[in-house]
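Visitor: First the structure, which I've put down as structure tokens, then a few questions once you've had a look.
The values are calculated or read from the model by the stated rules, or taken from the named source; none is laboratory data. None of these values were measured; they are calculated from a predicted model. So basically every Cβ, Gly included, is an ideal-geometry build from the backbone, and we count neighbours across all protein chains shown. All accessible areas refer to the heavy atoms of the entire protein, side chains included, with ligands and DNA or RNA removed. Shrake-Rupley method; radii C 1.70, N 1.55, O 1.52, S 1.80 Å.
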Amino acid sequence: MTTFSDMQLDALRELANIGSGNAGTALGSMLGKSVDISVPTAAALPLAEAVAIAGEPDELRYGVVVPIVGDFEAIVVLLFPEADAQKLCGIYGIEPSTPDGCSMLGEVGNILGTNYINVLAQMVGMELEPEPPQVVEDMLGSILSSVLIGRGDDVEEALILDSDLLVEDENCSLSFLLLPNHGGIKELLGRLGL
């Protein structure tokens, strides 16, 4: 297991903050409301610890899964607690568990995931391409298990960015997990000169 220095984690958090600025602008356009996103927590952790930070395994979550292909393969998982998924979908008067609600959460996840990944790709000089998102509603443990089963044993570490969204003074939270294939986080940091 690799341990990352505070300087390395600060660099990852800074990347996330740049990505979240772009994502906030794009999300604000979609929602027709002011959106501010901050990333108070960035951690690169062994998978089990990252999963523990995201919440209890039996808590209901809405997950948006965005596969990433290109110079390295990864999966982005955005996890919305049920109450926050309700707030976001409530902007349009829809329920998150309906097809329209899933579609909206997928679009929110797509905007956030794509903006984070695009900034990362620009900063490290890599070609990274997000694929279409999939939305799932399930217990947190089930979502992560099914994502990881699809990845095989390649994922050792996860980059977790806990984010706060402020949509017209409504506070929402989400967890952003980047699950790169073996050695992916170290490679990103290497390309940042860290």
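Visitor: Kindly provide the set of residues from the range 1-34 that are of a type outside the set (S, T, N, Q), open to solvent by 30 Å² or more (accessible area, probe 1.4 Å) and assigned to a loop (DSSP other than H, G, I, E, B), ordered by number.
Guide: M1, G32, K33
Visitor: Just one of the numbered conditions (1) part of a strand (DSSP E or B); (2) over 16 Å from S173 (Cα atoms); (3) in contact with a helix residue (DSSP H, G or I) (Cβ under 9 Å, 6 or more places away or on another chain) is not true of V69; which one?
Guide: (3)
Visitor: Would you mind stating whether E59 is more than 28 Å from L128 (Cβ to Cβ), in contact with a helix residue (DSSP H, G or I) (Cβ under 6 Å, 6 or more places away or on another chain) and at pLDDT below 90?
Guide: yes
Visitor: Please go through the range 111-129 and give me each residue that is open to solvent by 40 Å² or more (accessible area, probe 1.4 Å) and outside any strand (DSSP E or B), ordered by number.
Guide: If the condition is that a residue be open to solvent by 40 Å² or more (accessible area, probe 1.4 Å) and outside any strand (DSSP E or B), then N118, Q122, M123, G125, E127 are the ones that fit.
Visitor: Let me ask something else about it. Of the residues I68, I91, only one is in contact (Cβ under 8 Å) with a residue 12 or more places away in the chain and within 30 Å of G190 (Cα to Cα); which?
Guide: I68
Visitor: What number of residues in the range 24-50 are within 11 Å of L161 (Cβ to Cβ) and out of contact with any Lys or Arg (no Cβ under 7 Å at 6 or more places or on another chain)?
Guide: Matching residues across the range 24-50 total 7.
Visitor: Search the range 38-62 for residues that are among the aromatic types (F, W, Y) and pair each with any residue that is modelled with pLDDT of 80 or more when their beta-carbon atoms are under 6 Å apart and the residues are at least 6 apart or on different chains.
Guide: Close Cβ pairs (under 6 Å, with a partner that is modelled with pLDDT of 80 or more) amount to Y62/F80; Y62/A85; Y62/P96; Y62/L105; Y62/E137.
Visitor: For K87, all conditions in the list (1) open to solvent by 50 Å² or more (accessible area, probe 1.4 Å); (2) basic (K, R); (3) under 17 Å from the mean Cα position of the chain (by Cα) hold save one; what is the number of the exception?
Guide: Unmet condition: (3).
Visitor: Oh, and also: Give the residue, chosen from E168, E131, E137, that is at pLDDT 80 or above and under 21 Å from P57 (Cβ atoms).
Guide: E137
Visitor: Next question, about the same structure. Test of understanding: among I37, I75, I53, I68, which residue is open to solvent by 50 Å² or more (accessible area, probe 1.4 Å) and either closer than 28 Å to E129 by Cβ or at pLDDT 90 or above (or both)?
Guide: Every option except I53 fails the conditions.
Visitor: Can I ask one more? I need the full set of residues from the range 57-86 which are farther than 17 Å from V136 by Cα and of a type outside the set (A, V, I, L, M), in order please.
Guide: G70, D71, F72, E73
Visitor: Keeping to the range 90-100, report how many residues are of a type in the set (A, V, I, L, M, F, W, C) and either at pLDDT 90 or above or in contact with a His (Cβ under 9 Å, 6 or more places away or on another chain) (or both).
Guide: Of the residues in the range 90-100, 1 are of a type in the set (A, V, I, L, M, F, W, C) and either at pLDDT 90 or above or in contact with a His (Cβ under 9 Å, 6 or more places away or on another chain) (or both).
Visitor: If the requirement is being of a type in the set (V, I, T), in contact with a strand residue (DSSP E or B) (Cβ under 7 Å, 6 or more places away or on another chain) and not in a loop (DSSP other than H, G, I, E, B), which of these qualifies: V108, V39?
Guide: Selected residue: V39, the only one of V108, V39 that is of a type in the set (V, I, T), in contact with a strand residue (DSSP E or B) (Cβ under 7 Å, 6 or more places away or on another chain) and not in a loop (DSSP other than H, G, I, E, B).
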